[in-house]
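Scroll down for the structure; my scribbles are underneath it.
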Amino acid sequence: MTRVGVMIEGQEGLTWELWRNLCRNVEAAGFDSLWRSEHLFSVMGVEGRECLECWTSLALAAEWTSRIEFGPLVSPLTYHRPAVLARQAASVDQLAGGRLVLGLGAGWYEEEHRRMGIELPPLRGRFDQFEAGIHKIKEVLAAGHPDPVRQPLPILIGGSGEKRLLKLVAEHAVEWNSHSLQLDDFKRKQEVLAQHCAAAGRDPKEIAHSMMWAYVVDRRHAERVQRAIPRLADMDAGSLVDALRGRWFTGGADEIAEQMRPFIDAGVSRFMLQHFAMDDDQALGVLADVARLVA
């Protein structure tokens, strides 16, 4: 079974009204899950955009939904004390009745760290910090008080670095999430992950493979996506769908489902589709059709 979720860039103009509507509409449309990024201001370079704090919004998602899984895609451990994050995650999972997936990442956006006064260590130190943080999160979750509903709380790790990231996936994650990999790259990284699993004494089949992809449906939708992503605004909306083909999922529901199938055959069990035009219910309806086609 292939699952389809909706992914929201929460730093790109997300308001409480939009988030409430998305929670309700994503669940009502039959999607598997709802995800959102954790950033502190626009990564598109748009000053002054609305940006809802991630974990506050996840607590509300626990109340505004009743069926779907949800979580951060992903929470960078550079922003969090791991023990405190573990307590937050367990609390939200209790509120949701066991539907939180704890998505974790090592952190990457240098300008955001600089402006917010948060240290971003060099890559090696960042992964040392990330690895230690995952161990602390698991230790605190195991101690309980509060206890997450699902035992253990599902940990998703996002990224595709072959040396350390996939090693941590093999050791700690129940789900590996990558971003817009081409099929050959995805298959190669699967092989690397399997090698890390063998070294860790773990069956790679225990780890679900998910992938985040952007999508654009047609000219009308493209115009709305361009407002969300200013770097695309110089291109004619009518040609944007063709220009993004291969890097994004493009076209109607049948076309997008067909573009997904090689990845499904290769082992992707869940897609998180970036819904940049957050108030576009028509485009969300196309995604709902995609979800039904690949289920």
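The values are calculated or read from the model by the stated rules, or taken from the named source; none is laboratory data. Bear in mind the structure is a predicted one, so any value in this text is a computation, not a measurement. When we count neighbours, we look across all protein chains shown, and the Cβ atoms used for this are built from the backbone with ideal geometry, even at glycine. Note: accessible area is taken over every heavy atom of the protein model, side chains too, but ligands, DNA and RNA are not part of it. Shrake-Rupley method; radii C 1.70, N 1.55, O 1.52, S 1.80 Å.
Of the strands (runs of 3 or more DSSP E) lying entirely inside the range 1-72, those carrying at least 3 residues that are touching a His at 6+ places or on another chain (Cβ under 7 Å) and within 14 Å of ALA277 (Cα to Cα) are 3-8. For the range 102-115, the count of residues that are surrounded by 18 or more Cβ atoms within 10 Å (Cβ to Cβ), under 22 Å from ARG24 (Cα atoms) and not aromatic (Phe, Trp, Tyr) is nonzero. Once the range 152-167 is narrowed to residues that are in contact (Cβ under 8 Å) with a residue 40 or more places away in the chain and not in a loop (DSSP other than H, G, I, E, B), the residue that is farthest from the chain's Cα centre (by Cα) is LEU165.
The residues in the range 168-184 that are open to solvent by 20 Å² or more (accessible area, probe 1.4 Å) and part of a helix (DSSP H, G or I) can be counted, and the count is 4.
Residues in the range 260-292 that are open to solvent by less than 50 Å² (accessible area, probe 1.4 Å) and in a helix (DSSP H, G or I): MET260, PHE263, ILE264, ALA266, ALA283, LEU284, GLY285, VAL286, LEU287, ALA288, VAL290, ALA291.
In a residue-by-residue description of the range 83-98, the property of being under 20 Å from GLY159 (Cα atoms), modelled with pLDDT of 95 or more, in contact with a His (Cβ under 7 Å, 6 or more places away or on another chain) and not in a strand (DSSP E or B) applies to no position. The sole residue among ARG81, ARG49, ARG87 that is closer than 18 Å to VAL149 by Cα and either open to solvent by 30 Å² or more (accessible area, probe 1.4 Å) or in contact with a helix residue (DSSP H, G or I) (Cβ under 9 Å, 6 or more places away or on another chain) (or both) is ARG87.
The set of residues in the range 101-145 that are part of a loop (DSSP other than H, G, I, E, B), over 12 Å from LEU168 (Cβ atoms) and either in contact with a strand residue (DSSP E or B) (Cβ under 9 Å, 6 or more places away or on another chain) or not small (Gly, Ala, Ser) (or both) comprises VAL101, GLY107, TRP108, TYR109, ILE118, GLU119, LEU120, PRO121, PRO122, HIS145.
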